[in-house]
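The values are calculated or read from the model by the stated rules, or taken from the named source; none is laboratory data. The shown structure was predicted, so the numbers you read here are calculated from the model rather than taken from an experiment. For neighbour counting, all protein chains shown are included, and Cβ atoms are generated from backbone atoms with ideal geometry for every residue, glycine included.
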Amino acid sequence: MPSPAIIASDATVSPGQAVDIVFSSDNDEFWNIVTFNGTITWDPSVCSFFRAVSTQLFQMNVTNFDTSQISNGILTWNWMHMITIGQSIPRGQEIFTLKFTASNTGGLSTPIDFSSTPNPMYWNNFAGWNGTTHSTPGTFTIIGCPQPSADFSFSNSGLNFNFNNTSQASGVTTYLWDFGDGNSSALVNPSHTFLNDSAYNVCLYLTDSCGTDTICQSVQPCYFPIAHFGYQNNGSTWDFYDSSLSGQNTSWEWTFSNGGGSFSQNPSHSFAANNMYTVCLTITDDCGQDTFCDSISTYSTANLNTNLSSSITIYPSPFQNELQIKLEEEKDEIKVKMYNHLGQIVFHGNFYNLNELSIHPEVKNGFYIVELQIENEILYYNLLKQ
């Protein structure tokens, strides 16, 4: 013998209209219902329940029906017939009816479903049953089209913003973006660059075949930080001074090529003499991150410029692509080497029987040490490539 079965009716209504959802028997057998415990579920954003009636379960019509059991799209109740044997319910006959009202705009729908809790039922007043009732839900549909809902999210990189349209719309849809700075766009997902870091009110105006909607959000562009620093030598210790441009919640991270680092804004650090080092400052603020590196030379001036013979001229400084070396007299051999801040040789060459030569070191911008070996003398010179 099959389990009891219940089927709910479908309904198609206009916004605001009330309608009956009829729950009927879907069995060929005649079930005699004595107790009837169950749960009805629906989407409360689509429709709202306001009354339960029944020609069979007459007790559901009483005025003291417990409406406190209705909550957020769920209706539960416990029903018991007054006598031992309840009514015989043939296929297609109403068991109970729930009244609903459309509570939203057109184009929306929700299933209205029934699930029972095990309780005694009887078939032809004989075989008892206390299992779960099989049910077929009905569909509550509001005709028409849904009201559009405007919405968007955004991401930014400094002053540059990307807007992501997450609106709900149907049919032919038009969009109008107002960026709050006198500029606008009709694109679905526009990008926009603001001129400064002021706060702007960005609005999206949406229109489709069902209506219009608008949403506005405040955005805050920002300037990217620009890292920079200066320094001063105090013997074996070097003092570094942050001169960066940054915004709110700035943090500093210094790294030194001879090891160690610092999170202070203006740190001090020691270097060994007669070498080249790299110092990098990374700053981070609410808008982003930037890094600036500079070369530090700890060669003593006695080993550099003051040792350069007045008979030798190296120019220009700073240089770009070509470097000129001029001597007062011709030399049998001139050896030229160029070192970067890591002490690596980035250029070398031997020149013979010249008093003037041109070299074209293919190096990046930065500080370099030029070594000139002329006969038995070695000379050093600081140079900047930019």
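Of note:
- Positions within the range 144-164 being under 27 Å from residue 209 (Cβ atoms) and modelled with pLDDT under 95, in sequence order: 144, 145, 146, 147, 148, 149
- Residues in the range 173-185 that are closer than 12 Å to residue 148 by Cα, in a loop (DSSP other than H, G, I, E, B) and either within 23 Å of the chain's Cα centre (by Cα) or assigned by TED's automatic domain parsing to the domain that holds residue 284 (or both): none.
- Subset of the range 330-344 [at pLDDT 75 or above and under 12 Å from residue 276 (Cβ atoms)]: 338, 339, 340, 344
- Scanning the range 236-267 for residues that are of a type in the set (Phe, Trp, Tyr) and at pLDDT 90 or above yields 238, 240, 252, 254, 256, 263.
- Only listed residue being at pLDDT below 95 and assigned by TED's automatic domain parsing to the domain that holds residue 156, chosen from 209, 270: 209
- Search result, residues across the range 144-185 that are crowded, with 17+ Cβ neighbours inside 10 Å and acidic (Asp, Glu): 178
- Evaluating residue 126 against the criteria (1) modelled with pLDDT of 85 or more; (2) surrounded by fewer than 14 Cβ atoms within 10 Å (Cβ to Cβ) leaves one unmet condition, (1).
- If you go through the range 206-218 and keep only what is crowded, with 17+ Cβ neighbours inside 10 Å and not polar (S, T, N, Q), you end up with 206, 208, 210, 213.
- Here the condition is being at pLDDT 85 or above and crowded, with 19+ Cβ neighbours inside 10 Å; of 18, 11, it holds for 11 alone.
- Residue satisfying condition, being part of a loop (DSSP other than H, G, I, E, B), under 50 Å from the mean Cα position of the chain (by Cα) and of a type in the set (Val, Ile, Thr), within set 363, 346: 363
- Scanning the range 369-386 for residues that are out of contact with any Pro (no Cβ under 8 Å at 6 or more places or on another chain) and surrounded by 15 or more Cβ atoms within 10 Å (Cβ to Cβ) yields a count of 9.
- Number of the exception - residue 372 against (1) assigned to a strand (DSSP E or B); (2) more than 30 Å from residue 260 (Cα to Cα); (3) under 58 Å from the mean Cα position of the chain (by Cα); (4) at pLDDT 90 or above: (4)
- So residue 188, is it farther than 30 Å from residue 262 by Cβ, crowded, with 16+ Cβ neighbours inside 10 Å, of a type outside the set (D, E, K, R) and within 23 Å of the chain's Cα centre (by Cα): no
- Test: residue in the range 68-78 that is out of contact with any strand residue (DSSP E or B) (no Cβ under 8 Å at 6 or more places or on another chain), surrounded by fewer than 16 Cβ atoms within 10 Å (Cβ to Cβ), at pLDDT below 65 and not in a loop (DSSP other than H, G, I, E, B): yes
- Qualifying residue in the range 213-222 (condition: in contact with an Asp or Glu (Cβ under 8 Å, 6 or more places away or on another chain) and either of a type in the set (Asp, Glu) or closer than 19 Å to residue 149 by Cβ (or both)): yes
- When the range 79-113 is limited to residues that are modelled with pLDDT under 75 and of a type outside the set (A, V, I, L, M, F, W, C), the one that is farthest from residue 209 (Cα to Cα) turns out to be 84.
- Scan of the range 176-228 for residues that are touching a residue at least 24 places away in the same chain (Cβ under 8 Å), in contact with a Pro (Cβ under 9 Å, 6 or more places away or on another chain) and under 28 Å from residue 285 (Cα atoms), ordered by number: 193, 194, 195, 196, 197
- Sole exception among (1) part of a strand (DSSP E or B); (2) farther than 20 Å from residue 152 by Cβ for residue 205, by number: (2)
- Meets criteria (at pLDDT 85 or above and surrounded by 15 or more Cβ atoms within 10 Å (Cβ to Cβ)) for residue 36: no
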